[in-house]
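Take a look at the structure below.
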Amino acid sequence: MVRVKSRYLLCEINVTDRNKLFLLTEKDIYLAVKEAVARIHGDYGTAMCTRFSVKYLNAQTGMVFLRFPKMGYKLLWSALPFITSIGTRYPKTPCFLNCLHVGGTIRTCQKFLIRYNKQQLNRMLPSCKNKEDEKRVRKAILSCSVVPGAFENEPDDADDDDEEA
């Protein structure tokens with residue numbers, strides 16, 4: 001039996017109004033990506049999109065995990081910049097997808113997301129106006145930190161050639 005290898009893309013959904021993120025569902029994102037691939041790459045892209053799936057969507061942060069087959073993920077990844085709106089309802093949500101990380105496992109994408117969130121919080125720290133804000137940001141940084149040595153005992157995938165966007 002042969003194992004089907006996949007690539008996971010960690011993408012950030014950027015919208016002008018953050019409240020519109022709560023209107024999005026995994027199905028909406030799936031349909032938007034599939035439509036963009038069909039529009040850009042035609043029948044070949046549609047055929048490569050058969051095993052594509054949305055693994056996770058966080059409507060509060062706008063983060064989404066997309067899973068693609070390894071052999072065609074670059075083709076499908078190239079269609080992501082052409083997504084300008086997402087939604088099945090008439091007033092579609094205008095947005096774009098920003099690919100942050102490509103990984104061989106969902107676990108490597110999760111590790112990257114923790115590091116990314118920590119960097120974003122550290123960038124927010126100098127812009128705090130008072131001690132109360134600074135205390136909240138420091139607490140958020142500590143809450144998203146990985147305990148040192150937590151991932152050392154578990155091996156990563158051997159075929160995990162991580163690429164950053």
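Quick notes on this structure:
- Each residue in 137, 4 was given a count of other beta-carbon atoms within 10 angstrom of its own, and listing them fewest first yields 4, 137.
- Taking 57, 23, 9 and counting other C-beta atoms within 10 Å, the order from fewest to most: 23, 57, 9
- Anisotropy class of the range 1-146 from Cα gyration tensor, a/c 1.5 cut: oblate
- Taking the number of Cβ atoms within 10 Å of each Cβ as an exposure proxy, the fewest-first ranking of 101, 41 is 41, 101.
- J(HN,Hα) series, the range 108-125, from Karplus relation 6.51 cos²θ - 1.76 cosθ + 1.60, nearest Hz, glycine and proline x: 5, 5, 5, 4, 5, 5, 5, 4, 4, 4, 5, 5, 5, 5, 5, 5, 6, 4
- Using C-alpha pairs under 8 Å with a sequence gap of at least 6, the mean separation divided by the residue count of the range 1-119 gives a relative contact order of 39 percent.
- Tail weight of P(r) past 14 Å, computed on alpha-carbon pairs of the range 53-128, percent: 72
- Global geometry of the range 1-71, whether rounded, prolate or oblate, following the gyration tensor of its Cα atoms and the 1.5 cut on a/c: oblate
Every number here is computed from the coordinates shown, using simple stated rules; none is lab data. Model, not experiment: these values are computed from the prediction. Glycine also receives a Cβ, built like all others from the backbone with ideal geometry; neighbour counts cover every protein chain displayed.
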